[in-house]
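The structure under discussion appears below in the form of structure tokens.
The values are calculated or read from the model by the stated rules, or taken from the named source; none is laboratory data. Note that the structure is a prediction, hence the values are computed from the model and not measured. With ideal geometry, Cβ positions are generated from the backbone for all residues, glycine too; neighbour counts draw on all protein chains shown.
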Amino acid sequence: MGEKDQNKKFQITDQLINEIINLVDSNDEKKLRNKFDELHHADVAEILEELHFDQATYIIKLLDSEETSDILMELDDDYREKILKNLSTKEIAEEVEELDTDDATDIIAELPEERQKKVISKIEDKDHKADIKELLKYDDDSAGGLMAKELIKVNENWAVTRCVKEMRSQASEVTRVHSVYVVDNNDKLLGRLSLKDLLVANPKSNIKSIYISKVDFVNVNDTAEHVANIMQKYDLGAIPVVDDKKKLLGRITIDDIVDLIKEEAEKDYQLAAGITQDVDVDDSIYKLSWARLPWLFLGLLGGIGAAAVMGGFEEVLLEYKILFYFTPLIAAMAGNVGVQSSAIIVQGLANNDVKDSINNRLFKETLLSILNGIILSAFLFGFIYFWRNEIDVALAISLSLVVVIIVAGIVGTFIPLFLNKRGIDPAIATGPFITTSNDIFGILIYFLIAKLILQF
């Protein structure tokens, strides 16, 4: 395959999918193998997701476990779950034996508890089996749940020559070598080894004299979010995991953190949209409905509340019908400003960029809201005045807009910060919650100021 072909971006076409379906239907195993031989496992996974899972299962069973294990990891979780149901416990065991312990554990963890035990019992590699059993004990949202057992470690008392020999032996079990860790006789993490220092060192010297004692690490019980923050802050490709006695247990690589960040981003996006459960488009109507209903119900109550507020100012609306025309504008601006403010705060909290106090944040947001409110209200005042030539009405509506924007900015800033202080995901504050609350506050403020200025 030439360089041009290697650099050519893979694309799925209807022709390709139809060709594969025909080959599956005709049981043409040879042509199917040839078709997938030169494709990257991620591309194969993309193709399989375009097929019915029975057809995908046929291909998974056809190809070697060395190939299919990586393919399975690239599949969407729900789609992979369907395929795993079509595989025997022995077939699943053969797949997970080809994977690093963290990926193998992820796959087994997706199975029902009874089937987990059967799959584990079929794993022939005793060390691999023991590592998976250990990793299954850890919470998914912890460093232990993210780590892999595969790593390269050397003893501080080893000579350079023995160190190189041991590293060669260990490297065969490690997919990517990010770091070499140095431990004592009790496997306590002491530091890391620079490959450059190793290469230039005297072959007879001990590792103790050349290793670097400064090494970043995380505790096995640390949260996944903490691990992500540490790796992001120090730009790490991998980080060792230790227990309370600093015994080296495993390592977490950057690919696991990228997956975690992606999952958290999807979760926050759904929360911001008012979806309280982790769902996707392929889930059942019942599950999708149940995930959306709580916030939709909140929106319904908010709408009823806004209607009740407007009903209390019925005489104002009868006298000044123009106020009714601008009610949607006031409500929309309140909701938009609130969502903007909360989104910035939520993003800052997620990136660990919010370091000052709540009071400082509120003060800054208030100044920003005042500035934006004055600019927008001045434009609105001019529009209403030239349209209706009623300075008191123009003043009432434009002044209301200023106050509404300020209040919405404060609410949008305070609520995520408050929730974060209480250990609640601040992403839940964005979207429907902020919009609904600011709609009610906005309309109430609007009519109160209008009533005051217009002297009702």
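Tabulated results
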{"quantity": "Residue selected from segment 138-156 under the condition acidic (Asp, Glu) and within 13 Å of residue 109 (Cβ to Cβ), by the criterion modelled with the highest pLDDT", "calculated": "139"}
{"quantity": "Any hit, segment 396-419, residues being among the hydrophobic types (A, V, I, L, M, F, W, C), touching a Pro at 6+ places or on another chain (Cβ under 7 Å) and within 18 Å of residue 436 (Cα to Cα)", "calculated": "yes"}
{"quantity": "Matching residues, segment 74-88, being surrounded by fewer than 16 Cβ atoms within 10 Å (Cβ to Cβ), at pLDDT 85 or above and in a helix (DSSP H, G or I)", "calculated": "81, 85"}
{"quantity": "Pairs with Cβ under 7 Å, 6+ apart, first in segment 378-407 and free of Cβ contacts under 8 Å to residues at least 12 places away in the same chain, second among the β-branched types (Val, Ile, Thr)", "calculated": "385/391"}
{"quantity": "Given (1) part of a helix (DSSP H, G or I); (2) of a type in the set (A, V, I, L, M, F, W, C); (3) touching a residue at least 40 places away in the same chain (Cβ under 8 Å), number of the condition residue 119 does not satisfy", "calculated": "(3)"}
{"quantity": "Any chance residue 71 is under 14 Å from residue 92 (Cα atoms), in a helix (DSSP H, G or I) and under 23 Å from the mean Cα position of the chain (by Cα)", "calculated": "yes"}
{"quantity": "Answer residue from segment 414-424, given it is outside any loop (DSSP other than H, G, I, E, B) and among the hydrophobic types (A, V, I, L, M, F, W, C) and is farthest from the chain's Cα centre (by Cα) among those", "calculated": "414"}
{"quantity": "Tally of residues being under 28 Å from residue 128 (Cα atoms), of a type outside the set (Gly, Ala, Ser) and modelled with pLDDT under 85 across segment 168-206", "calculated": "9"}
{"quantity": "Residues satisfying the stated conditions in segment 354-413, i.e. in a helix (DSSP H, G or I), surrounded by fewer than 21 Cβ atoms within 10 Å (Cβ to Cβ) and polar (S, T, N, Q)", "calculated": "359, 360, 366, 372"}
{"quantity": "Whichever residue in segment 123-164 is hydrophobic (A, V, I, L, M, F, W, C), part of a loop (DSSP other than H, G, I, E, B) and more than 29 Å from the chain's Cα centre (by Cα) and, among such residues, is farthest from residue 180 (Cα to Cα)", "calculated": "123"}
{"quantity": "Single residue of segment 170-207 satisfying the filter (within 21 Å of residue 245 (Cβ to Cβ) and exposed (fewer than 15 other Cβ atoms within 10 Å of the Cβ)) that is farthest from the chain's Cα centre (by Cα)", "calculated": "185"}
{"quantity": "One residue from 156, 124 being surrounded by 16 or more Cβ atoms within 10 Å (Cβ to Cβ) and of a type in the set (Asp, Glu)", "calculated": "156"}
